[in-house]
Amino acid sequence: MKIILTVILVIILGISTKRIVYEKIELVRPDRRAELLADLEERTGLKIKHISIGKINFLKDTADITIHYDSPRHDGWDNHEEPVVAVFSSADLDD
């Protein structure tokens, strides 16, 4: 199901994702979501549409965050004429 959703996001909606290890753990709270979004947009230079919080490591003060943003072809990050789809297994995400 996850792979199908990724393909739909990339091809049909033109949305890309990036996985980030984020160290400002104090912003990973529901009441500080706006600050988290602003910080991520400032650091990446991307207009983020959605954020997904994954693993939170309180020992290292980090969180795995996936950001969803307009496909790079809209902001000049690549030279591809066609959408590029990357398929990976969930085992690739395990540390």
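Readers should treat all values here as calculations from the given coordinates under stated rules, not as data from a laboratory. Because the structure is a prediction, the values reported are computed rather than measured. We place every Cβ from the backbone using ideal geometry, glycine too, and count neighbours over all the protein chains shown.
Annotations for the structure displayed:
- Extension gain for the segment Asp64 to Arg33, taken as residue separation times 0.36 nm less the Cα-Cα distance, is 9.7 nm to one decimal.
- Ordering of 32-41, 49-58 by packing is 32-41, 49-58, highest average first (other Cβ atoms within 10 Å, averaged per residue).
- Radius 12 Å from Cβ of Ala38, net charge of other residues (Lys, Arg +1; Asp, Glu -1): +1
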